[in-house]
1. Return P(r) of the protein assembly as shown (all Cα-Cα pairs; 20 Å bins starting at 0; whole %; ordered from short to long distances).
2. Applying the Karplus parametrisation 6.51 cos²θ - 1.76 cosθ + 1.60 with θ = phi - 60° to the phi angles of segment A:227-241, what ³J(HN,Hα) value in whole Hz is obtained for each residue in order, glycine and proline being reported as x?
3. Between A:TRP82 and residues 5 or more places away or on another chain, which pairs have amide H atoms under 5 Å apart, with H built 1.01 Å from N, and which residues are they?
4. Find which of A:ALA265, A:PRO234, B:TRP156 sits farthest along the positive direction of the dipole of the protein assembly as shown, computed with +1 on the beta-carbon of Lys and Arg, -1 on that of Asp and Glu, about the Cα centre.
5. Treating the beta-carbon of each Lys and Arg as +1 and of each Asp and Glu as -1, no other charges, what is the dipole magnitude of segment A:84-162 about its Cα centre, to the nearest 20 debye?
6. Over 26 Å between Cα atoms, which of B:LYS161/B:LYS190; A:LYS151/A:LYS341; B:LYS135/B:LYS238; B:LYS47/B:LYS163; A:LYS238/B:LYS326; A:LYS190/B:LYS208 qualify?
7. Starting from segment B:69-157, pick out the trypsin sites (Lys or Arg not before Pro) whose DSSP state is loop and whose Cβ has at most 11 other Cβ atoms within 10 Å.
8. Mind checking segment B:161-255 for trypsin sites (Lys or Arg not before Pro) that DSSP puts in a loop (not H, G, I, E or B) and that have at most 15 other Cβ atoms within 10 Å?
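The values are calculated or read from the model by the stated rules, or taken from the named source; none is laboratory data. Treat the numbers as computed from the prediction; the structure is a model and nothing was measured. Here the Cβ positions follow ideal geometry from the backbone for every residue, glycine too, while neighbour counts run over all protein chains shown. The protein model used for the area step is the full one, side chains on, heavy atoms only, and it has no ligands, DNA or RNA in it. Shrake-Rupley method; radii C 1.70, N 1.55, O 1.52, S 1.80 Å.
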There are 2 protein chains.
Amino acid sequence: MTLSYGRLVFCGVVARAVAGAALAVMLVTAAQAQPDPLPSWNEGTAKAAIVDFVRKTTDVGSPDFVPAEDRVATFDQDGTLWVEHPVYSQLVYILDRVGPLVKAKPELAKIEPFRTVLSGDREAIAKLSLHDLEKLAAATLTGMSVETFAKEAKAWTDSAKDKRWQRPYTELTYQPMQEVLSYLRANGYKTYIVTGGGQDFVRIYSYKTYGIPPEQVVGSAGAVTFSYGKDGKPVLTKDPKLLVNDNNAGKPEAIHLMIGRRPHAAFGNSTGDRQMLEYTAAGDGARLAMLVLHDDATREYAYGPAAGLPDTKVGAFTQELFDEAKKEGWTVISMKRDWKKIFSFE
Amino acid sequence: MTLSYGRLVFCGVVARAVAGAALAVMLVTAAQAQPDPLPSWNEGTAKAAIVDFVRKTTDVGSPDFVPAEDRVATFDQDGTLWVEHPVYSQLVYILDRVGPLVKAKPELAKIEPFRTVLSGDREAIAKLSLHDLEKLAAATLTGMSVETFAKEAKAWTDSAKDKRWQRPYTELTYQPMQEVLSYLRANGYKTYIVTGGGQDFVRIYSYKTYGIPPEQVVGSAGAVTFSYGKDGKPVLTKDPKLLVNDNNAGKPEAIHLMIGRRPHAAFGNSTGDRQMLEYTAAGDGARLAMLVLHDDATREYAYGPAAGLPDTKVGAFTQELFDEAKKEGWTVISMKRDWKKIFSFE
């Protein structure tokens, strides 16, 4: 192909003009098509607080701008990211593991509290003391290699179902909170789970369920001991010794240990999250502290005095916490009012 | 501007032909210009082991392929990423902090081991017992808020200089290892420091020095306690209570606590890293276990029996470790033979 210089220049001008027009069209379309990052949220103070926080901390021109590598957000799990009522799923796991455990060690069948759990007598099981539960936890969560535990926990997580919804627990995450996780990550935030639940347990499903890798799960953690197996290979064995109690004041303490800096945003739903929210909110610049209020008895559950109901064992959202949130300017998320839908399957 | 259809089509053909040719040229150039990711490494088994590991674990068609979200590499710090000889920089920090500490608490001046440190008598300081050093560590590293500690440690890190090179310690990182960090990260690996040194100390400079954010520093860690200050604001105070001893078997244990999975690659330089390397190498598929051998007395230091020299207090690269590396197929990096340059400023 031979071309005169004049023709090439002309073509160049046309090509630039066409490309420029195309780019302009694309930019306009992108601006128009920008989808709502929080489609399951109703418009209101809660949604506005989240959007406003992200804008203020990611806009380079904002006085509250936070460099991308410093953006950290922490989320309690039970009652904040997924259903915790009427009982924590990890407690169901512990009870479900008693059967296989007794099969392997039949002598346990006659010993309490294993005998009560095996009886299936719900009323008796509900009355087990904290000391009994600790015994059950030690027997089902420790004494094995970290790989064996992971295998057992994964098999249960893949098959166990919540009684009310007849779905795997991992499907009972709150769609609006999943959107907050994605929205924050899309804006450069590292998202962490900071849970009173077992760190090794939550790490099994965190990536698949929330897009949160194991190393970004901070939880209550037992010690592990390194040794060599019969084949000479290294083994890490789970010990019945609590190293990190990730509840209440233990939450900011564990955040310092595991993350090493103060979060810019924290989400919780009970007094167990109070200190994490206080610690987060006390930092400089824009900080986001939010509490999920369980006030939707129809679509999920309503519990705690702030929902006009008597307190329960789980998820103590006390009046005192409600008052502190108000005084400190934390935002309370009403499941009933603020969430268009609760689960992705609705 | 008006254009005939024929002209537009002709221009389109030209534009595509020109664009196609340009793309081809760019691709060829890119392939030719693909820079060596490890320019400070001499060709040899060590460099080949690293490149081969990255290829095998990142090539989708490889049987050893590792999904991007699972790629974890861990690095000891002292003697592996930067100079540890003749003394760990954190120990210099502890000794340097005694002056300001005694200024604030003059009563310490007459008490051992503070009196010996203040005397400046190097011989006497070198003879301090482990118990004395623990006393000094407790006094200089704990008892303050995490923010006060960070401020003090940062001020020291920004100003203190190594005696031999007369440069900040943070400039005494090994250029070849910086290249390994960057190379692994460019290939989707999360890079972690797993150090016997203080976690809070290393986190101060890790991002600026290695591109490793604080949450990817696993180290020896003390407890912190949450409380409220006089102004009612939450405070985390550093306690003189060791929570994580990140040496020897403590390294794989801390890796499980802080990362939650087995690394695919691990780098060390002493018996303190043995169990981390064993744990890493025992995983399925391709694993990389490497040890830095200090055998370059001219450009850095030579120490340890494997370098044909008597062992020293720091960085015990024993003959036994050398033999294990050989038996297990770990790769020993000879600073003298494998590294073209040691520091970026050479």
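1. For the protein assembly as shown, the binned pair fractions read 15, 42, 32, 10, 1 percent.
2. Rounded to whole hertz, the list is 8, 10, x, 4, 7, x, 7, x, 10, 10, 10, 7, 9, x, 10.
3. Amide H neighbours of A:TRP82, under 5 Å, 5+ apart: A:TYR174.
4. Of the options given, the answer is A:ALA265.
5. Details: 11 positive and 12 negative charges, 49 e Å.
About 240 debye.
6. Values: B:LYS161/B:LYS190 30 Å; A:LYS151/A:LYS341 33 Å; B:LYS135/B:LYS238 15 Å; B:LYS47/B:LYS163 31 Å; A:LYS238/B:LYS326 31 Å; A:LYS190/B:LYS208 19 Å.
Over 26 Å apart, Cα to Cα: B:LYS161/B:LYS190; A:LYS151/A:LYS341; B:LYS47/B:LYS163; A:LYS238/B:LYS326.
7. Values: sites: B:ARG71, B:ARG97, B:LYS103, B:LYS110, B:ARG115, B:ARG122, B:LYS127, B:LYS135, B:LYS151, B:LYS154; in loops: B:ARG71, B:LYS127.
Listed in order of number, the matching sites are B:LYS127.
8. On the way: sites: B:LYS161, B:LYS163, B:ARG164, B:ARG185, B:LYS190, B:ARG203, B:LYS208, B:LYS230, B:LYS238, B:LYS241; in loops: B:LYS163, B:ARG164, B:LYS230.
Here the trypsin sites (Lys or Arg not before Pro) that fit, given the DSSP loop and packing criteria, are B:LYS163, B:ARG164, B:LYS230.
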